[in-house]
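**Student:** To start, I am sharing the structure in question, which I have written as structure tokens.
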Amino acid sequence: MNQPIVGFEQDELGDWRAILACGHRQHVRHNPPLVSRPWVLTEEGRRRFLGHTLNCKRCDEEFAALANESPMP
């Protein structure tokens, strides 16, 4: 489920996490060559990505769990 980025914070190791509108957090690491996100390294870069959407896997999992709990008519 796509959620907009509303902020950023660093975890206990100094890695950046996006704070999503749903309240969940998602790491947005710059770890070349696997993941290239140089924008996360600067305040200006992070500011530019506010409002961009990321797929929130936790929202997807919660939605699927609720769908499985719903009684079939």
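Read-outs: derived from the displayed coordinates by stated rules, not from any lab. As the structure is a prediction and not an experimental result, all values here were calculated from the model. All Cβ positions, even for glycine, are placed from backbone atoms using ideal geometry, and neighbour counts span all protein chains on display.
**Student:** Would you work out the charge dipole size for the chain about its Cα centre, treating the Cβ of every Lys and Arg as +1 and the Cβ of every Asp and Glu as -1, and quote it to the nearest 20 debye?
**Tutor:** Roughly 300 debye, rounded to the nearest 20.
**Student:** I've got another one for you. Which value in deg cm²/dmol, rounded to the nearest 500, describes the helix-derived mean residue ellipticity at 222 nm for the chain, given -39,500 (n - 2.57) per DSSP H run of n ≥ 4 and division by the residue count?
**Tutor:** -7500 deg cm²/dmol
**Student:** Here's something else I'd like to know. Taking Cβ-Cβ under 4.7 Å as the only way to count a partner, pick out the unpartnered cysteines of the chain.
**Tutor:** Taking the Cβ cut-off of 4.7 Å, the unpaired cysteines of the chain are 22.
**Student:** Just to confirm the number: angle between the C-alpha axis of helix 57-69 and the first principal axis of the chain, 0 to 90 degrees, nearest 10?
**Tutor:** Tilt relative to the chain: about 0 degrees.
**Student:** Give me D for the chain in µm² s⁻¹, whole number, from Stokes-Einstein with Rh from the Kirkwood sum over alpha-carbon pairs, 20 °C and 1.002 mPa s.
**Tutor:** This corresponds to a translational diffusion coefficient of 159 µm²/s.
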